[in-house]
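Trainee: First the structure, then my questions, so here it is.
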Amino acid sequence: MTWPMTLEDRKIRLLLSLRRAGITNTAVLDAIAEVPREQFVPSDLACRAYEDCPLPIGHGQTISQPQVVAYMTQALVLNDRLRVLEIGTGSGYQAAVLARLCRHVYTVERLRSLLVEARRRFTELGVSHAISTRLGDGNTGWAEEAPFDRIIVTAGALGTEPPPALIDQLAVGGLLIIPLGSDRWEQRLVRFQRCETGFKREESWPVRFVPLLPGLPSDPD
Ligand code: SAH
């Protein structure tokens, strides 16, 4: 007979698999270890919180796969002086991971009910002082708080370039990571670094994010 695995066992197994997949930054691994992913998924899916896969969070949206969260977070090269803009709050999980690694997170979501839930989680976990939230169209960024040292888009954008407003709101020397693709459901992670004279572009993994949609829904719930 084997004992059922506890959530803690599953988390340890996940962290080992993240290491094997090339997540070597210990601060990123510690942040993943410290943020309780089970609190960011519907309660009937809590037992699956440490599987390395995306999970549904309602409204046709998903919490990203832990490996993708870890990879994007590592690619942002964070430290506690940096201000980070996230587009696509969703469950709030990625924002909670970021908040452990930077000075402040600004996160934008277009669906009110997801944002309300995410804010509740930030309060419960005692991280709301480090995360500002906004209901809005992330394609336009957050002009009042720009420039940002880092920008992370957690929904897939159509085309080969990030939304122009996000490019404008990235500080010189800053990094922006975004899933870009010609197909609505398949993208590749692309990282841009803003230099004095332009942008350096690096392409990476194929990924599958829910789409970055244009504008706000007529009823944002
Ligand atoms: N980062 C999230 C997962 C994001 S799923 C997490 O950790 O759980 C993608 C999210 O992007 C969804 O919640 C979706 O509603 C949101 N989204 C899609 N288009 C958007 C837009 N134009 N502006 C803001 N949010 C958007």
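The values are calculated or read from the model by the stated rules, or taken from the named source; none is laboratory data. Remember, it's a predicted structure, so these values are computed and weren't measured experimentally. Note that we place each Cβ from the backbone using ideal geometry, even for glycine, and neighbour counts take in every protein chain shown. Just so you know, the surface numbers come from the protein's heavy atoms only, side chains and all, with ligands and any DNA or RNA stripped out. Shrake-Rupley method; radii C 1.70, N 1.55, O 1.52, S 1.80 Å.
Trainee: For the range 80-120, how big is the tail of P(r) above 12 Å, as a whole percent of Cα pairs? Don't skip to the end; give the middle numbers.
Mentor: Details: 430 of 820 pairs.
Within the range 80-120, distances greater than 12 Å cover 52 percent of Cα pairs.
Trainee: Here's something else I'd like to know. Which value in Å is the Kirkwood Rh of the range 63-207 over different Cα pairs?
Mentor: 15.0
Trainee: Treating the angle as unsigned and between 0 and 90°, give the value, to the nearest 10°, between the Cα long axis of helix 7-20 and the longest Cα principal axis of the chain.
Mentor: With rounding to tens, the tilt is 50 degrees.
Trainee: OK, next. Please give the calculated 222 nm ellipticity per residue for the chain, where each DSSP H segment of at least 4 residues contributes -39500 (n - 2.57) and the sum is spread over every residue; nearest 500 deg cm²/dmol? Don't skip to the end; give the middle numbers.
Mentor: On the way: 6 runs with 58 residues, N = 221.
Mean residue ellipticity, 222 nm, calculated: -7500 deg cm²/dmol.
Trainee: Report the accessible area of residue 47, computed with a 1.4 Å probe over the heavy atoms of all protein chains in place, in Å² rounded to the nearest 10.
Mentor: 80
Trainee: Using packing as a proxy for protection, rank 20-26, 3-9, 97-103 so that the peptide with the highest average count of other Cβ atoms within 10 Å comes first.
Mentor: Order by mean packing, descending: 97-103, 20-26, 3-9.
Trainee: With a probe of 1.4 Å, find how much accessible area the chain has per residue, and write the answer as a whole number in Å².
Mentor: That works out to 48 Å² per residue.
Trainee: Report, in degrees rounded to the nearest 10, the 0 to 90 angle that the Cα long axis of helix 66-75 makes with the longest principal axis of the chain.
Mentor: Result, in degrees: 40.
Trainee: Just to confirm a number: summing +1 for Lys and Arg and -1 for Asp and Glu over residues other than residue 93 whose beta-carbon lies under 10 angstrom from that of residue 93, what do you get?
Mentor: My count for the surroundings of residue 93 gives +2.
Trainee: Over the heavy atoms of residue 185, what accessible area does a 1.4 Å probe trace out, to the nearest 10 Å²?
Mentor: That residue has around 130 Å² of solvent-accessible surface.
Trainee: I'd like the orientation of helix 112-124 relative to the chain: the angle between its Cα long axis and the longest Cα principal axis, in ° from 0 to 90, rounded to 10.
Mentor: 60
Trainee: Further, regarding this structure: Could you put 128, 218 in order of accessible surface area, largest first, with the 1.4 Å probe and the full protein assembly present? Present the calculation step by step, with values, prior to reporting the outcome.
Mentor: Values: 128 55, 218 130 Å².
Reading off the accessible areas and sorting them downward yields 218, 128.
Trainee: Counting only protein heavy atoms and a 1.4 Å probe, tell me what percentage of the chain's accessible area is made up of carbon and sulfur.
Mentor: Values: 5480 of 10550 Å².
That share works out to 52 percent.
Trainee: Quickly work out the residue 27-to-residue 182 label distance, labels modelled 7 Å from Cα along the C-beta direction, and quote it in nm with one decimal.
Mentor: Going by the 7 Å Cα→Cβ label model, 3.8 nm.
Trainee: Using a 7 Å offset from the Cα along the Cα-to-Cβ direction at both residue 219 and residue 6, what is the distance between the two label points in nm, to one decimal?
Mentor: Label-label distance for residue 219 and residue 6, simple model: 4.5 nm.
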